1. Return yes when L266 is farther than 15 Å from N223 by Cα, outside any strand (DSSP E or B) and hydrophobic (A, V, I, L, M, F, W, C) and no when it is not.
2. Could you give me the residue pairs with C-beta distances under 8 Å whose first residue belongs to segment 217-238 and is in contact (Cβ under 8 Å) with a residue 40 or more places away in the chain, whose second residue is of a type in the set (D, E) and outside any helix (DSSP H, G or I) wherever it lies, and which are 6+ apart or on separate chains?
3. If I filter segment 314-336 for residues that are at pLDDT below 95, in contact with a helix residue (DSSP H, G or I) (Cβ under 6 Å, 6 or more places away or on another chain), not in a loop (DSSP other than H, G, I, E, B) and not hydrophobic (A, V, I, L, M, F, W, C), do I get at least one hit?
4. For segment 365-381, which residues satisfy the criterion of being part of a loop (DSSP other than H, G, I, E, B) and within 19 Å of I328 (Cα to Cα)?
5. In the set K246, K280, which member is without any contact (Cβ under 8 Å) to a residue 40 or more places away in the chain, surrounded by fewer than 17 Cβ atoms within 10 Å (Cβ to Cβ) and touching a Gly at 6+ places or on another chain (Cβ under 7 Å)?
6. Exactly one condition in (1) touching a Pro at 6+ places or on another chain (Cβ under 9 Å); (2) modelled with pLDDT under 85; (3) exposed (fewer than 12 other Cβ atoms within 10 Å of the Cβ) is not met by G77; state its number.
7. Strands (runs of 3 or more DSSP E) wholly in segment 116-217 with at least 2 residues that are in the same structural domain as E316 (by TED's automatic domain parsing) and farther than 27 Å from S51 by Cα - which ones?
8. Test each condition in (1) over 23 Å from the mean Cα position of the chain (by Cα); (2) outside any strand (DSSP E or B) for V82 and report the one that comes out false.
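The values are calculated or read from the model by the stated rules, or taken from the named source; none is laboratory data. It should be emphasised that the depicted structure is a prediction, and the values quoted were computed from it without experimental measurement. Every residue, glycine as well, gets a Cβ built from its backbone with ideal geometry; the counts of neighbours run over all protein chains shown.
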Amino acid sequence: MRIFTLFFAMLLMVKVLSAQNTIECKIVDVDSNESLPYANVFLPKYSIGTSTDDKGIFHLQIEGKEKHDTVIISYIGYDSRVIQFGKIFKQQSISLKPIVSQLLTVEVIDEKQKLNAKKIAMSVIELYHKNRPKYTHLSKCQAAQYIKIDRSYCFYMESLGYAIYSGDVVTKNPLVNYKFFAENTCLADRKEKILHTVMKKTGNNVGLQSNLGNGLRSFQILNYYGVLNPKHAKKYSFKIDSIYKKKQEYYYSISFKRGKSEGKFLFHRESLQLISLEQKSEKIWSVLKYKNVAGKEYYTFNYFDEKPFFNSIKCEIKKGKLEEQTIISNKFQKATNFDIDKEVWCFNSYSINPFIIYSPKAWSTTQSLFDDRQSIVNDLKDPSLGHKSLEYQYMHNCDKWFENDNNQIQQGKIAIQYLSKLLKEF
């Protein structure tokens, strides 16, 4: 086990050091100098993409790049800009020009009445489905999950790692084709007695599992069996909720409904690109109840080379005194295809039972995905846990498997060795 631990730690160290060798830049509006959040930044030579954060800032790794490499920066409603990688070093910000629209301003109410909501919605969905990458790809991500019982945090876990998509052809079950691989993890102590009592009442005899990749599972359901699959979308009803204009560009919000599934999505009128989607779902996985339950899902999207990838996914379950939430955020996307085989099944075991490695240095510059950080600290630093700080808990839970399941551990070891090969592609 010690040799295995050292192997994993060395793999992590290489990635952490590489991640620290980065440049930072901001994308702004050329006229107002306002930041442009969630703008797309793409390096076609390496098929790597990222996006700006809510402050318009992005980071790119320096290692392996050349000063003449092309960087394409795009944002809906703005002219794309092509810049050399070396020039980013000399600029604190990069400005984009708004597209000058030839469209005349129209009354929103009049336009809504003229449009066929279902026809427009199907055009958006069919374009998304056509361009959605069906090949293997991976991305560097940050994922988190928590469980609250009676408004108090009983479990918290957050990780830096990789989302790995094994493609449409490797396995016949799409729900196992997209998995999160935890690499550097903050794992707090669990309130075992409370969790065990609740799981027993709900009929969960399996125990608590990691659910960091829950959003990827929900994303696959949405793509294959939900409103983003044209075959199933035809069975939905659609309605135009609103049309609004921003810097000469028009955006539509369309609501959809089929049985208990309902929600809405936002898209750009000219490009038909999806910007965000939210919905009520009956198929969100609950680790407390060990089954699908009802909840809400929230998605945002990035586009690299016209292909849609997820930017963030949030799944939340709230019923009575029980609450579960998972978030996954895409930091860097590797958009190209790579070879993978049926050993991908090992990722399924690893995703629910990861090996916990904690490297504090990487987290010193990483912001948590949960806003309510202080409540997590207060609830998990209580008498039943010995008043121990979260930092102490992270270190204490390091260098061990999430659960001591021998079969899953063997599969997990295969997954780690397999991932080390894939990361050479990143």
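1. no
2. Once the first residue is in contact (Cβ under 8 Å) with a residue 40 or more places away in the chain and sits in segment 217-238, its partners that are of a type in the set (D, E) and outside any helix (DSSP H, G or I) give S218/E297; L222/E297.
3. no
4. T365, T366, Q367, S368, L369, F370, D371, D372
5. Within the list K246, K280, the selection yields K280.
6. (3)
7. Hits in segment 116-217: 137-149, 152-165.
8. (2)
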